[in-house]
Structures are given as structure tokens and as C-alpha cells.
Amino acid sequence: MKKLNPKAPNRLRIIGGQWRGRKLNFPDGEGLRPTMDRVRETLFNWLQGEIADARCLDLFSGSGALGFEALSRFASEVVMVDKNPQAVQMIRNNLSLLNADNAQVVQMDAQAYLQQNHIGQFDIVFLDPPFNQALVEPFCQLLQHSGCLSEQASVYIEMEKDLVLKELPGHWQIQKYKIAGQLSYYLIYT
């Protein structure tokens, strides 16, 4: 999508919760594509009974759109992981702007983050890796084997609509699935 004013900042809007309607800036970056408003609205409608008091992990957080939406809807904690220093700095700036003290921002490769010990367990994981790199299925396996998923965890996956999600860990079950534009998205229970 071409910006009308190239000097204007990239913006995302929080869809619901305590910060509903707030607009946040995010940097330009190769492959940086915040989850569309209508997709976030659908996702958080799916999660409405689970998000309050949940501990969330936003891998490949980029603009932080999913993490901010979870925080706005009263997640107990959100850990946002991205390796892009500009994206991480903008997420930190936006957290400060919102006075959000229940979030942690980690500048690190997502795989290295999951391979650490003592990251704790998460109730909801947002997995939205860069497109065209075949990362979804390996990261599903990595999530399963990392021990970071709570007993009844939910995993949100966003990927290219032309790809087929076929190699999920044994007991993972697709609960919801939709297509929007050039992407498909899933809610999976582990």
C-alpha cells in the first residue's frame, strides 16, 4: 500500500479495549505489515473469553499491533519479540505513551528467544512471521518442544493464503480459520 504522504508516519489503530481508537506510529521496515484491522477484530472476537488475564507471547511482533491489542483487552502480560531495532524502539515508545507496565519487549531472533530456558509459559501465542520464508511449521514445532505453552494454550497463526498448514504438532487442533486478502489466519488449541 503506497502512502499518500511519504513523510507521514505509519499508523495502526487499536480496535478495542481500554485504548480503543488510539493510533500508534510504527517504523518502515522490509516485510513489516501490521495485522489488518478487520483481521484483528475477528481474532480478538475469537479470543474474547480467553484474553483477560492471559499471558501472551507476540513473536515477530513488528509493529506490535497484536500485542497492543491484547494489552488493551487486559492481558496480564505480553512479551513482544522482534529482532528489528527500529521496531523494538517504536514498541517501547508506544508502551511508554500508553503507560503500559505489563509488557516486556525483547530485541532478539524469535528462534533464539524460544530456545532460552526460563521464559515461562504462555496462554496465547501470536505467530505472524515474515512471508515467503517457510517459518510457520518449524515455529509450531519449536513452540511445542520449547515447553512455553500452558496446558490449554491458544496459538494464532497468520500466513500467506496460498500456503497449506499441514504439519502441526500431533494434538494441535484448528478451531477457527479465515482468509482475508492475501493471507489466511488460524486459531489453534494445543
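The values are calculated or read from the model by the stated rules, or taken from the named source; none is laboratory data. Computed from a predicted structure; not experimentally measured. Methodologically, a virtual Cβ is constructed for each residue, glycine included, from the backbone with ideal geometry; neighbour enumeration extends over all protein chains shown.
Mind listing whichever residues of segment 128-172 are in contact (Cβ under 8 Å) with a residue 40 or more places away in the chain, surrounded by fewer than 16 Cβ atoms within 10 Å (Cβ to Cβ) and not in a strand (DSSP E or B)?
130, the sole residue that qualifies.
Among the residues of segment 71-81, is there at least one that is in contact with a Lys or Arg (Cβ under 8 Å, 6 or more places away or on another chain), surrounded by fewer than 21 Cβ atoms within 10 Å (Cβ to Cβ) and over 23 Å from residue 14 (Cβ atoms)?
Taking every residue of segment 71-81 in turn, none turns out to be in contact with a Lys or Arg (Cβ under 8 Å, 6 or more places away or on another chain), surrounded by fewer than 21 Cβ atoms within 10 Å (Cβ to Cβ) and over 23 Å from residue 14 (Cβ atoms).
Give the residue, chosen from 151, 158, that is modelled with pLDDT of 95 or more and over 20 Å from residue 112 (Cα atoms).
Exactly one residue qualifies, and that residue is 158.
How many of the residues making up segment 44-58 are surrounded by fewer than 24 Cβ atoms within 10 Å (Cβ to Cβ), in contact with a strand residue (DSSP E or B) (Cβ under 9 Å, 6 or more places away or on another chain) and not small (Gly, Ala, Ser)?
Number satisfying all stated conditions: 5.
Looking only at strands (runs of 3 or more DSSP E) that fall completely inside segment 1-120, which ones have 3 or more residues that are in contact (Cβ under 8 Å) with a residue 12 or more places away in the chain and either of a type in the set (D, E, K, R) or in contact with a Leu (Cβ under 8 Å, 6 or more places away or on another chain) (or both)?
Correct list: 10-13, 23-26, 55-59, 77-82.
I'd like the residue in segment 89-110 that is under 11 Å from residue 67 (Cβ atoms) and of a type in the set (Gly, Ala, Ser) and, out of all such residues, is surrounded by the most Cβ atoms within 10 Å (Cβ to Cβ).
103
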